[in-house]
Amino acid sequence: MEKIIDKFLRYVSIDTQSNESSESQPSSDKQLKLLGLLKDELVSMGVEAELDEYGYVMGKIPSNCPGKEIPAIGFIAHVDTSPDASGADIKPQIIENYEGGDIALKGVEGLFLKPSEFPELLDYKGQTLICTDGTTLLGADDKAGIAEIMCAVEYIMEHPEFKHGPICIAFTPDEEIGRGVVKFDVEKFGAQYGYTMDGGAIGELEFENFNAAAATINIQGRNVHPGYAKGKMKNAIRIMMELDSLLPAGEKPELTEGYEGFFHVIAAEGSVENASSTYIIRDHSLEKYEEKKALMQACVDQINQKYGEGTATVNIRHQYYNMRSKVEPHYFIVEKAMEAMKMEGIEPKIQPIRGGTDGANLSFMGLPCPNIFAGGHNFHGKMEFVPLESMEKASKVILNILSLFAE
């Protein structure tokens with residue numbers, strides 16, 4: 001079998017950044033390079049697989065337990081990387097037998113991955129860490145999940161004595177921009193239950209997530225020569241900043257945890273004449289989620305009352321709902337994952353996702369789909385890293401889940 005690190009490094013070498021401003025499916029053609037590669041690798045292993053027009057790779061492995069009624073289990077990961085940081089020309093660093101000190105991110109002078117800032121690094125002393133060079137993200141979100149699934153598939157295909165029921169494999173585009181499964185055919189996929197391999201640190205197991213929306217605010221200003229601007233100029237940049245100040249000061253990602261929701265400004269640009277900003281809105285509580293959307297609209301209305309109608313406009317777009325209500329009635333699939341982790345000596349950590357996965361939308365499409373750790377940390381930025389041993393354990397958890405369902 002090919003080592004999981006070799007698969008992972010091959011996958012992260014391909015730029016698959018999704019593009020929120022694109023209306024195509026997938027949102028960027030470059031995702032198709034990895035999707036096509038994955039389809040070909042599955043076929044070369046002997047798996048029936050296809051890549052459809054929307055960028056979904058689906059593969060099927062039939063049961064080898066004739067006469068037993070075993071539900072079809074799906075494993076899903078996404079190929080795209082976040083628009084928040086470059087995913088091109090990634091130069092991974094491999095730190096063997098990590099000793100617990102600062103790690104120099106050699107692509108940027110003076111930049112370090114430090115335990116003083118990221119104390120979880122110390123949980124992995126003695127292990128092999130894969131990190132960035134400080135110029136890009138790494139792509140462990142979710143190419144670690146892809147590598148874990150592919151290693152499990154390779155093991156299954158090379159070991160016919162391994163007993164399992166029907167297995168469904170899917171790789172999706174555009175998860176990072178909230179459009180990962182908008183055209184996903186659940187019936188065609190064929191799984192009764194699924195697991196996304198898209199979580200963080202080893203042991204994480206999640207079946208509830210944020211309710212999520214994206215909002216784009218546009219400000220129409222009025223530019224007048226600054227020497228003669230009194231009573232006439234409307235500075236769109238300042239108005240945009242003023243609108244942001246109307247949102248609750250404590251409801252930001254850097255100030256919240258657990259079940260606490262937030263408003264997060266992810267982009268802003270402008271001039272005196274025009275300015276725009278983009279936010280994501282998150283909350284686990286559906287009631288609070290709706291309140292947050294209403295509050296953003298109220299802030300826009302307040303700006304218009306002060307500066308004139310049409311000064312500010314907002315477009316709020318729903319992205320996904322909390323999947324808990326759809327997974328909890330099938331809680332045994334969470335229990336199977338817990339047992340599968342314990343078989344590897346891993347203590348399961350059930351917690352809410354402070355984000356979302358394809359599994360959230362899939363759960364509302366009829367495929368209950370909890371989320372299992374992929375092993376990475378500090379996703380979406382240049383401080384991203386993943387312990388090799390966590391990826392190896394995640395791949396074994398996949399095999400254990402299949403074994404448990406086949407018992």
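The values are calculated or read from the model by the stated rules, or taken from the named source; none is laboratory data. All of these numbers come straight from a predicted model, not from anything done at the bench. All Cβ positions, glycine included, derive from the backbone under ideal geometry; neighbour counts span all protein chains shown. These area figures cover heavy atoms from the full protein model, side chains too; ligands, DNA and RNA do not enter into them. Shrake-Rupley method; radii C 1.70, N 1.55, O 1.52, S 1.80 Å.
Hey, could you check region 165-194 for residues that are touching a Cys at 6+ places or on another chain (Cβ under 8 Å) and open to solvent by 10 Å² or more (accessible area, probe 1.4 Å) and say which is farthest from residue 373 (Cα to Cα)?
The residue in question is 190.
Only one residue in 204, 158 is touching a Lys or Arg at 6+ places or on another chain (Cβ under 8 Å) and over 16 Å from residue 363 (Cα atoms). Which one?
Just a single option satisfies the conditions, and that option is 204.
Within region 59-74, track down each residue that is over 19 Å from the mean Cα position of the chain (by Cα) and either buried (at least 21 other Cβ atoms within 10 Å of the Cβ) or basic (Lys, Arg) (or both).
59, 60, 61, 68, 73 - these are the residues of region 59-74 that are over 19 Å from the mean Cα position of the chain (by Cα) and either buried (at least 21 other Cβ atoms within 10 Å of the Cβ) or basic (Lys, Arg) (or both).
Mind listing just one residue for me: the one in region 204-228 that is among the small types (Gly, Ala, Ser) and under 24 Å from the mean Cα position of the chain (by Cα) and, of those, farthest from residue 345 (Cα to Cα)?
Going through the qualifying residues, I end up with 215.
Just to be sure, is residue 37 in contact with a helix residue (DSSP H, G or I) (Cβ under 9 Å, 6 or more places away or on another chain) and farther than 23 Å from residue 397 by Cβ?
Against the criterion (in contact with a helix residue (DSSP H, G or I) (Cβ under 9 Å, 6 or more places away or on another chain) and farther than 23 Å from residue 397 by Cβ), residue 37 qualifies.
Restrict the check to region 33-48 and report whether at least one residue is open to solvent by less than 50 Å² (accessible area, probe 1.4 Å), closer than 21 Å to residue 192 by Cβ, in contact (Cβ under 8 Å) with a residue 40 or more places away in the chain and part of a loop (DSSP other than H, G, I, E, B).
yes
Using the structure shown, decide if residue 109 is without any contact (Cβ under 8 Å) to a residue 24 or more places away in the chain, under 30 Å from residue 164 (Cβ atoms), part of a loop (DSSP other than H, G, I, E, B) and open to solvent by 10 Å² or more (accessible area, probe 1.4 Å).
Judged against the criteria, residue 109 is not a match.
Against the definition (of a type outside the set (Ser, Thr, Tyr), modelled with pLDDT of 95 or more and part of a loop (DSSP other than H, G, I, E, B)), how does residue 154 come out, yes or no?
Judged against the criteria, residue 154 is not a match.
Got a sec? Which of 334, 314, 300, 327 is at pLDDT 95 or above, in contact with a Ser or Thr (Cβ under 8 Å, 6 or more places away or on another chain), within 22 Å of residue 259 (Cα to Cα) and hydrophobic (A, V, I, L, M, F, W, C)?
Unique residue meeting the criteria: 327.
Scanning for something under 28 Å from residue 133 (Cβ atoms), touching a helix residue (DSSP H, G or I) at 6+ places or on another chain (Cβ under 6 Å) and touching a residue at least 24 places away in the same chain (Cβ under 8 Å), does region 55-69 turn up at least one residue?
no
What about residue 98, is it assigned to a loop (DSSP other than H, G, I, E, B), more than 21 Å from residue 374 (Cα to Cα) and of a type in the set (Ser, Thr, Tyr)?
When the stated conditions are applied, residue 98 does not pass them.
From 236, 267, which residue is surrounded by fewer than 14 Cβ atoms within 10 Å (Cβ to Cβ) and either over 24 Å from residue 350 (Cα atoms) or out of contact with any helix residue (DSSP H, G or I) (no Cβ under 8 Å at 6 or more places or on another chain) (or both)?
Answer to the selection: 267.
Within region 285-328, how many residues turn out to be exposed (fewer than 13 other Cβ atoms within 10 Å of the Cβ), farther than 30 Å from residue 238 by Cβ and either free of Cβ contacts under 8 Å to residues at least 24 places away in the same chain or of a type in the set (Ser, Thr, Tyr) (or both)?
Number of matching residues: 2.
Report, by residue number, each residue of region 385-399 that is closer than 13 Å to residue 138 by Cβ and surrounded by fewer than 24 Cβ atoms within 10 Å (Cβ to Cβ).
Matches in region 385-399: 388 only.
In region 273-296, what residues are assigned to a helix (DSSP H, G or I) and of a type in the set (Phe, Trp, Tyr)?
Scanning region 273-296 gives a single hit, 289.
Given the conditions (1) closer than 23 Å to residue 352 by Cβ; (2) modelled with pLDDT of 95 or more; (3) buried (at least 18 other Cβ atoms within 10 Å of the Cβ); (4) among the aliphatic types (A, V, I, L, M), and given that residue 275 satisfies all but one, which numbered condition is not satisfied?
(1)
Cβ-Cβ below 6 Å, separation at least six or inter-chain, first residue in region 186-198 and on the phi > 0 side of the Ramachandran plot, second surrounded by fewer than 22 Cβ atoms within 10 Å (Cβ to Cβ) and at pLDDT 95 or above: which pairs?
Matching pairs, first to second residue: 190/72; 190/168.
Quick one: which helices (runs of 4 or more DSSP H) lie wholly within region 319-407 and hold at least 2 residues that are closer than 29 Å to residue 100 by Cα and among the small types (Gly, Ala, Ser)?
Answer list for region 319-407: 388-406.
Condition first: out of contact with any Gly (no Cβ under 8 Å at 6 or more places or on another chain) and of a type outside the set (Phe, Trp, Tyr). Now tell me which residues in region 358-376 satisfy that.
If the condition is that a residue be out of contact with any Gly (no Cβ under 8 Å at 6 or more places or on another chain) and of a type outside the set (Phe, Trp, Tyr), then 360, 363, 365, 366 are the ones that fit.
Name the one entry in 221, 261 that is in contact with a strand residue (DSSP E or B) (Cβ under 9 Å, 6 or more places away or on another chain), under 30 Å from residue 121 (Cα atoms) and surrounded by 15 or more Cβ atoms within 10 Å (Cβ to Cβ).
261
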